[in-house]
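The values are calculated or read from the model by the stated rules, or taken from the named source; none is laboratory data. As the structure is a computational prediction, the values presented were derived from the model and not from experiment. FYI the Cβ positions are ideal-geometry reconstructions off the backbone, even for glycines, and counts take in every protein chain you see. SASA here: full protein model, heavy atoms, side chains in, ligands and nucleic acids out. Shrake-Rupley method; radii C 1.70, N 1.55, O 1.52, S 1.80 Å.
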Amino acid sequence: TLEHAADNGAGRWRVIAAAGIGVDAGFRFTRAEYVDEIGPEALQALYAMWSGYFWAVHVGIGLFILGSCLAALATRSGPSWLAAVGIVGTLLLVIPVVAATLVGLIIGGLWVIATSILLYRRAPAAS
C-alpha cells in the first residue's frame, strides 16, 4: 500500500516519483485526448501548467543528481569521474536554454543508468 511504501525510506521516493509521472501523464493525456473538445484557451492553459511543472521536474532531478554526486565525492563512495559527469549534467539541466537542457537530460539519464549499474555490481550476492 502507499502508506507502507511511504513509511519505508526508499519506498517514499518511489511513491513521489510515481506521483510525478502520473501528473505528467495526466497533462499529456488531457491535451491529446480532448484537443477537439476544448477551446484553444483551455489547451493553452494546460500547456502553461505542464510547462511550469516541467521546469520544477528539472530542478528536482538536478538536485537529486547534484546531492548524490556531492555525497559520493565527500564519502569517496563512487568514482570521482562519475560524480563530475553528474555535476556537469546538473548544471546543464537547469540552464534555461533548450539545447543545454536537452543535453543535461541526456547526461542525467545516462548518469542514472551508470550509477545504477555500478551500485548493482557492488551489491553483495544474495544467498
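Note on the range 81-127: Cα Rg divided by 2.2 N^0.38 Å, N the number of residues, gives 1.42. From the Kirkwood radius over Cα pairs of the chain, Stokes-Einstein at 10 °C and 1.306 mPa s returns a whole-number translational diffusion coefficient of 94 µm²/s.
Kindly identify the range 24-89 as rounded, prolate or oblate by the Cα gyration tensor criterion: order the square roots of the eigenvalues as a ≥ b ≥ c, call it rounded if a/c is under 1.5, otherwise compare a/b with b/c, prolate if a/b is larger, else oblate. Prolate, because a/c is 1.5 or more and a/b exceeds b/c.
About its Cα centre, the chain has a charge dipole of approximately 760 debye under the convention of +1 per Lys or Arg Cβ and -1 per Asp or Glu Cβ, with nothing else charged. What part of the accessible area of the range 7-107, given as a whole %, is carbon or sulfur when the probe is 1.4 angstrom? Carbon-and-sulfur percentage of accessible area, whole number: 72. On a per residue basis, the chain carries 70 Å² of accessible surface, using protein heavy atoms and a 1.4 Å probe. Between helix 80-93 and the chain there is an angle of about 20 degrees, using the helix long axis and the longest principal axis of the Cα atoms.
Restricting to DSSP H runs of at least four residues, report the calculated mean residue ellipticity at 222 nm for the chain, -39500 (n - 2.57) per run over all residues, nearest 500 deg cm²/dmol. That calculation yields -29000 deg cm²/dmol at 222 nm. Each Lys or Arg adds one and each Asp or Glu takes one away; over the other residues whose Cβ falls under 15 Å from the Cβ of Leu82, this sums to +3. The angle between the Cα long axis of helix 98-122 and the main principal axis of the chain comes to about 40°, on a 0 to 90 degree scale. Going 7 Å from the Cα of Ile117 along its beta-carbon direction, which residues of the range 42-84 have the amide nitrogen within less than 19 Å of the resulting point? From the range 42-84, the list is 69, 78-84.
The Cα center of the range 105-121 and the Cα center of the range 43-72 differ in position by 18 Å.
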